[in-house]
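First the structure, in the form of structure tokens, and then the observations on it.
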Amino acid sequence: MNKNPTNGSREPRIIPRAEHNVTRREFSDSALKVLYRLNKAGYQAFLVGGCVRDAMLELHPKDFDVATDATPEEVKALFGNCRLIGRRFRLAHVRFGREIIEVATFRAAAISEHDDHHSDDEGRILRDNVYGSIDEDVWRRDFTCNSLYYNIADFSIWDYTGGFDDIKAKRIVLIGDPEKRMREDPVRMLRGIRFAAKLNFEIDEPVVRAIDHHSHLLSNVPAARLFDEFLKLFQAGNAERTFDLLHDHGLFKEMFPATDEELTKTPDFMRFTRAALQNTDRRVKAGKSVTPMFLLGVFLWAPVRKLAEIRRSEEKMSESQSLSLASYEICAQQQRRISIPRRFTVPMREMLSLQPRFEFKRGKRAMKLLEHRRFRAAYDFMVLRAEVGLESEETAQFWTDVQTLSAAERADRFQLGQPGSKKRRSSRRRRRKKPAQES
Ligand code: ATP
Ligand code: MG
């Protein structure tokens, strides 16, 4: 097979429309408009990458990458609704309402391994910014299944790497030398796992070996980029399968070292994590929203609890306070690997530190929990703990029921007195009592 430009020909295998199943119905009208207009203006216009792969598999692609020999400026001249983005390598974004079609000019292939100026000590690519032709563009792509070009001129597919057969055989195969390609960009290890999980493909043996050899290089990847990858890995509806593959291939421990340590030690935590992953997948498949802070909270829960106990043995504080403190410290550690934006760490800390408060089912304190801005997430988290036996079913049921009650019924259930009554003051005093130990 021809997976390397240095020992293969640069002629593509052209698969005519009659010999493949990719129909234009799988592509959005906006993507087709962009392709047709480029083509009419005399440029080459292809769809490339994930959308061609997914169309072949009838998976209804949602984002569309266009590749062309027109320069970004030439693209801009053709489309009024176009913005150029990126300084190092310019891309054109053509906007249609909420949809954006990304149009990239063909780029030259990755440079030689011996060229010191282009890669760091471990072989990571630092520069990759020269325009080229399609037969150069193809070799810098990652997997063969991501390297098919759909030509709008005659609806044929251009295949330089054997991707067409690899998709049919359900194989994840790297273009070029897997060891070198993983060193160039260690994120490819995560991408390989992600596509294997999403498509139910098998990872080619040399790719598995390259992951084994290079998993530690993930620590060189900027933490912000890993957060983006984290979202793609765990919020695409295949979180559980992705997790299993990451775990089996030693990549999960590179992303979440503290979590991984607890997972191997505590079967309960593994069950809890799995329940959360399944829950996330169910939500995504049902079209419900998911927030990364929930799963991050799940991943960090065991390390946070462990540290909270240590902090509580060192200094007198409530269980909630110790959880809040420990969340802060564990998050700070985790940020070295994956940078989690503050808009997620702050609510996550609240969600975790509210957990012991579900034990208090009476008085103003219980009412306040119900009214807390983070109640919903904390409640979902608690219900999940109850599902795997880490919280009592009775507690979960109580908080489920209480939400359906009217204000008056709630006051009754929480055994609240009338405002200003003696009962109210006594509940305040009760708050100082040592909280119950969490199950
Ligand atoms: P999906 O959109 O389902 O995540 P995709 O394959 O379209 O999958 P993108 O991240 O949208 O993935 O990238 C588009 C294309 O760019 C890929 O198909 C691949 O050809 C190329 N590509 C993306 N990231 C890399 C990388 N790290 N190394 C090499 N090529 C890449
Ligand atoms: Mg894509």
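The values are calculated or read from the model by the stated rules, or taken from the named source; none is laboratory data. Bear in mind that the values here come from a model prediction, so they are computed numbers and not experimental data. Neighbour counts run over all protein chains shown; Cβ positions are idealised from the backbone, glycine included. To get the accessible areas, we keep the full protein, side chains included, count just its heavy atoms, and leave off ligands, DNA and RNA. Shrake-Rupley method; radii C 1.70, N 1.55, O 1.52, S 1.80 Å.
One table, with the values for the structure above:
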| read-out | value |
| --- | --- |
| At least 15 Å along the helix axis (C-alpha) and Kyte average at least 0.5, DSSP helices within the chain | 187-199, 223-234 |
| Residues of type aspartates and glutamates that K364 reaches as a straight line, Cα spacing below 16 Å, ignoring anything fewer than 8 places off in the same chain | E409, D412 |
| Helix-derived mean residue ellipticity, 222 nm - over the chain, DSSP H n ≥ 4, -39500 (n - 2.57), to 500 | -15000 deg cm²/dmol |
| Highest to lowest packing among 150-157, 333-340, scored as the average C-beta count within 10 Å | 150-157, 333-340 |
| Ordering of 221-232, 14-25 by packing [mean C-beta count within 10 Å, highest first] | 221-232, 14-25 |
| Among H247, T23, M351 the positive-end extreme of the charge dipole of the chain (Cβ point charges) | M351 |
| Whole-percent carbon and sulfur share, accessible surface of the stretch 361-416, 1.4 Å | 45 percent |
| Per residue solvent-accessible surface (Å²) - the stretch 227-346, probe of 1.4 Å | 46 Å² |
| Among beta bridges that DSSP assigns inside the chain, antiparallel share in %, nearest 5 | 80 percent |
| Spin-label pair A223/T404, simplified geometry with 7 Å Cα→Cβ offset, distance in nm | 4.4 nm |
| Amide H contacts under 5 Å for Y131, placed H, 5+ residues apart | A108 |
| E19-T71 pseudo-label distance in nm [points 7 Å out on the Cα-to-Cβ vector] | 3.7 nm |
| Unsatisfied cross-links (Cα-Cα over 18 Å) in the set K33/K76; K198/K232; K288/K368 | K288/K368 |
